[in-house]
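The next block holds one structure in the form of structure tokens; read it before the comments.
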Amino acid sequence: MLNTAKQIKYWCTMAENDIETASILVTSGKFIEGIFFCHLSIEKIIKALVVKQTDNIPPKSHDLFYLTNIAKIEITEEQSEFMQILMKYQLALTF
């Protein structure tokens, strides 16, 4: 049986670590790498919400739109545009 609270805490802790890393990178002028870690942080927060919503381990996906759909998160047009930008940088660094 899945320990939902433990999983949510794990994803939230990882998201906090990634946003701290993003801040360090951006502060040192490494903007693309910083954006990449921003994407990871948001992805992990959404995965915490997937766990909360489904009581299951989230899928191994970096697609923010797919994950928000699973988590049943409604996003605004502005949020969608922001996520599209983040997705471009996430994909660019994984090839």
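The figures follow:
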quantity	calculated
Largest to smallest accessible area among LYS52, LYS30 [probe 1.4 Å]	LYS52, LYS30
GluC sites (Glu not before Pro) within the chain, DSSP loop, no more than 12 other Cβ atoms inside 10 Å	GLU74
Per residue value of the accessible surface for the chain (all protein chains in place, 1.4 Å probe), Å²	67 Å²
Helical contribution to [θ] at 222 nm, DSSP H n ≥ 4, -39,500 (n - 2.57), averaged over the chain, rounded to 500	-25500 deg cm²/dmol
Share of carbon and sulfur in the accessible heavy-atom surface of the chain [1.4 Å probe, %]	60 percent
Lysine pairs within the chain, Cα separation less than 12 Å, 8 or more sequence positions apart or different chains	8
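The values are calculated or read from the model by the stated rules, or taken from the named source; none is laboratory data. Model, not experiment: these values are computed from the prediction. Neighbour counts are summed over all protein chains in view; Cβ atoms, including those assigned to glycine, are modelled from backbone coordinates with ideal geometry. Please note that ligands, DNA and RNA were not included when accessible areas were found on the heavy atoms of the full protein model with its side chains. Shrake-Rupley method; radii C 1.70, N 1.55, O 1.52, S 1.80 Å.
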